[in-house]
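A.B. asks: Take this structure first; my questions come after.
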Amino acid sequence: MKIPKQAEKIIHILEKNGYEAYLVGGCVRDMLLEKEPDDWDITTNAKPQEIKALFYRTIDTGIKHGTVTVIMDNCGYEVTTYRIDGEYKDGRHPNHVWFTSKLAEDLKRRDFTINAMAYNKKHGLIDLFGGQKDLEQGLISCVGNPMERFSEDALRILRAIRFAGQLGFAIEETTLKATEQLAPTLSKISAERIRIEFVKLLVSKHPDLLLLAWEHKITKVILPEFDIMMETPQNNPHHCYNVGMHCMEVLKNVHSYWAERKRKKEKEREENDSKSFQIMCLSALFHDIAKPYVKTVDEQQIDHFYGHPLKSAELTEKILSRLKFDKDTIEQVKHLILWHDYRYSGKKAAMRHAINKIGKDFMEDLFFLQRCDVLAQNPEKQKEKLLILDKAESLFLQIQEEGECTDLKMLAVSGKDLLALGFPQGKEIGTILSSLLEHVLSVPEDNKKEILLELVQKLHREKE
């Protein structure tokens, strides 16, 4: 197992001074799966003050619960004392913790067997609950009694689904049964914690496990709007799934085609790409979320969902705000949902107007979302719709390449130019610029300063 030198050094210093020390939890699991761990956590029988005495730079990260962050070569490593958790009265945190000298006591308080293993070079792998076997069999199993583990911390219910999604594992039968029985206790968990696990599931390799959460009444607590989508059929020639299953298929398409899209685009910073993917997954899942509330049925018993993009954008804002998403994410997801059903005419002038309304920075993401949407609709209608999207995107790229004006920033005349002509500062300047932009969107070759100023003077004379 490849372990960072700093983590090895921390373990060595603790052992040299008569203490036990092991890597523990997720990093051990990931090493056994031959994955690069995100974090390297260390557990020890040394008390927090004893840990602090051995290292030059430490931070009291969670000293009440035995956790000290040791800074080694400018990297932080959480070192936590073996502990026994007391009663979990709030369904999330133990009321008290007791430090213990036994590693086994510390491991048995953990959530799942695959997260309850420890390792150091001296003693090798410590696996008291069959975590390695569960890794080999692809199972998520609780340590001990699932009802007890989930009663201690309700968030573990959602974490079970999330780990299954990330790792492509099944959930062991008694563990899965307990998730449904105790799903209502998720109402005790903070929105921030729910959001973190929910996003990790959406961007995991198996986001379709959200359906497992629905089947076991978990979404009923954390995302009741999803349950309503799953209960709403779409008797319409353009669709072949109910609203919920359609949105899940769009989400799956986002996952399927994202890597190809990345290859076509220029290299981006990894964190920006990660956020873009998250925004696209959220947009896919929620793009039709208001359909149940706007559904109408005509005389031929065909379902219609007039006005659903605007209503879906508004409902999505409420949901994402409830889950404490950041403002930028909410605004971007809302915007994509608002325009996801935009119909392109195939004419260049109309495309310039579309870019102006939607925003050129959103167009590539919107085309991608719309393609994923079409591919989750009635297969008989897909070819025609994809051809329309291909033509629209081609027109967009052509307009971009030719540098045609699509917003006020690209207009050859600015407010300063109008002030120089003697127009007073105020609303009139904004009105004039908007009129000029509207003209240029239809006649792009007129986006020249002299032409636009002449047009302004002509309009001014006519007004007089």
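A.B. asks: Counting only protein chains, not ligands or nucleic acids, how are D417, D341 ordered by accessible area (probe 1.4 Å), most first? If you can, show how the numbers build up before the last one.
C.D. replies: Numbers: D417 30, D341 55 Å².
My answer, sorted largest first, is D341, D417.
A.B. asks: Working out 0.36 nm times the residue gap between E105 and Q137, then minus their Cα-Cα distance, what length gain in nm do you get to one decimal?
C.D. replies: Extending this stretch completely gives an extra 9.0 nm.
A.B. asks: Please name which of S434, V297, V199 has its Cα lying farthest along the dipole of the chain towards the positive end, using unit charges on Cβ (Lys, Arg +1; Asp, Glu -1) and the Cα centre as origin.
C.D. replies: Working it through, the farthest residue towards the positive pole turns out to be V199.
A.B. asks: Let me ask something else about it. Along the charge dipole of the range 267-385, Cβ charges K/R +1 and D/E -1, which of F362, H308, Q332 sits furthest on the positive end?
C.D. replies: The residue sitting most towards the positive pole is F362.
A.B. asks: At 1.4 Å probe size, put M230, M410 in order of accessible surface, largest to smallest. Each step should come with its number before you reach the end.
C.D. replies: On the way: M230 20, M410 60 Å².
Largest to smallest exposure gives the sequence M410, M230.
A.B. asks: Mind ordering 207-217, 316-326, 449-459 by average Cβ neighbours within 10 Å, highest first? Walk me through the intermediate numbers first.
C.D. replies: Working: 207-217: 19.1, 316-326: 16.6, 449-459: 14.5.
Put in order of decreasing packing, that is 207-217, 316-326, 449-459.
A.B. asks: Listed highest first by mean packing, meaning other Cβ atoms within 10 Å per residue, what order do 423-429, 305-311, 276-282 come in?
C.D. replies: Going by the mean number of other Cβ atoms within 10 Å, highest first, we get 276-282, 305-311, 423-429.
A.B. asks: If amide hydrogens are placed 1.01 Å from N in the peptide plane, which non-local residues have theirs closer than 5 Å to the one on T232?
C.D. replies: Result for T232 returns V243, G244.
A.B. asks: Length gain on complete extension for the stretch C75 to S187, per 0.36 nm per residue less the alpha carbon to alpha carbon distance?
C.D. replies: The span from C75 to S187 would gain 36.7 nm if fully extended.
A.B. asks: OK, next. Let me spell out the model: positive unit charges on the Cβ of Lys and Arg, negative unit charges on the Cβ of Asp and Glu, origin at the Cα centre of the range 1-139. What dipole size does that give, in debye rounded to 20?
C.D. replies: 380
A.B. asks: For a quick check of understanding: with a 1.4 angstrom probe and all protein chains in place, what accessible area in square angstrom does E148 have, to the nearest ten?
C.D. replies: Result for E148: roughly 100 Å² accessible.
A.B. asks: What's the percent breakdown of Cα-Cα distances in the range 137-217 across 5 Å bins, shortest bin first?
C.D. replies: 3, 17, 29, 28, 19, 5, 0
A.B. asks: Need one word for the range 6-76: rounded, prolate or oblate. Basis is the Cα gyration tensor (sqrt eigenvalues a ≥ b ≥ c); a/c below 1.5 gives rounded, then a/b vs b/c decides.
C.D. replies: Taking the square roots of the gyration eigenvalues as a ≥ b ≥ c, the range 6-76 is prolate.
A.B. asks: Something else about it: Tell me whether the range 304-354 comes out rounded, prolate or oblate; compute the Cα gyration tensor, take square roots of the eigenvalues as a ≥ b ≥ c, and use a/c under 1.5 as the rounded threshold.
C.D. replies: Oblate is the answer for the range 304-354, as a/c is 1.5 or above yet b/c matches or exceeds a/b.
A.B. asks: Something else about it: Any idea of K52's accessible area? Nearest 10 Å², probe 1.4 Å.
C.D. replies: About 60 Å², rounded to the nearest 10.
A.B. asks: Same structure, new question: Return the loop-located GluC sites (Glu not before Pro) in the range 1-41 (DSSP other than H, G, I, E, B) with at most 15 other Cβ atoms within 10 Å of their own Cβ; answer none if there are none.
C.D. replies: Numbers: sites: E8, E15, E20, E34; in loops: E20, E34.
Answer in residue order: E34.
A.B. asks: Could you pull out every one of the aspartates and glutamates with an alpha carbon less than 18 Å from that of K318, ignoring same-chain neighbours closer than 8 positions?
C.D. replies: E192, E225, D227, D288, D326, D328, E331
A.B. asks: In the range 397-429, whose amide N lies under 16 Å from the spot 7 Å out along Cα-to-Cβ of K449? List them in ranges.
C.D. replies: Within reach of a label on K449, which here means backbone N under 16 Å from a point 7 Å along Cα→Cβ, the range 397-429 contributes 409-422.
A.B. asks: Report the gain in length on full extension from K409 to E180: 0.36 nm times residue separation, minus Cα-Cα distance, nm rounded to one decimal.
C.D. replies: On the way: separation 229, 0.36 × 229 = 82.44 nm, distance 5.41 nm.
Additional length available on full extension: 77.0 nm.
A.B. asks: At a threshold of 8 angstrom on Cα-Cα distance, excluding pairs fewer than six apart, so keeping six or more, what relative contact order does the range 396-456 reach in percent?
C.D. replies: It comes to 43 percent, rounded to a whole number.
A.B. asks: A follow-up question, please. Quote the charge dipole size of the chain about the Cα centre in Debye, to the nearest 20; the model charges only the Cβ of Lys and Arg (+1) and of Asp and Glu (-1). Let's see the in-between values first.
C.D. replies: Values: 68 positive and 73 negative charges, 143 e Å.
In total the dipole reaches around 680 debye.
A.B. asks: In the chain, what percent of the accessible surface is made up of carbon and sulfur (1.4 Å probe, ligands and nucleic acids excluded)? List each step's numbers first, then the result.
C.D. replies: Working: 11820 of 23770 Å².
C and S fraction of accessible area: 50 percent.
A.B. asks: Which entry in [x] 26.1; [y] 22.3; [z] 23.5 is this structure's computed Kirkwood radius over Cα pairs in Å?
C.D. replies: The value computed from this structure is option [x].
A.B. asks: Along the Cα-to-Cβ line of K5, 7 Å from the Cα, sits a label point; which residues in the range 37-53 have backbone N less than 15 Å from it?
C.D. replies: From the range 37-53, the list is empty.
A.B. asks: In addition: Give me the accessible area per residue for the chain, probe 1.4 Å, as a whole number in Å². Show your work: numbers first, answer last.
C.D. replies: Working: 23770 Å² over 464 residues.
Value for the chain: 51 Å² per residue.
A.B. asks: Near the amide H of T61, under 5 Å away, which other amide H atoms are found, from residues 5 or more places off or on another chain, if H is placed in the peptide plane?
C.D. replies: The list, which skips near neighbours in sequence, is T69.
A.B. asks: In terms of the Cα gyration tensor, with a ≥ b ≥ c the square roots of its eigenvalues, is the range 318-464 rounded because a/c is under 1.5, prolate because a/b exceeds b/c, or oblate?
C.D. replies: Working: a/c = 3.20, a/b = 1.70, b/c = 1.88.
Because a/c hits 1.5 or more and a/b fails to exceed b/c, the range 318-464 counts as oblate.
The values are calculated or read from the model by the stated rules, or taken from the named source; none is laboratory data. Here the structure is a predicted model, which means the values were calculated and not measured. Ideal geometry is used to build each Cβ from the backbone, glycine not excepted, and the neighbour counts take in all protein chains shown. Remember, those area values only see protein heavy atoms, side chains included, never the ligands or the DNA or RNA. Shrake-Rupley method; radii C 1.70, N 1.55, O 1.52, S 1.80 Å.
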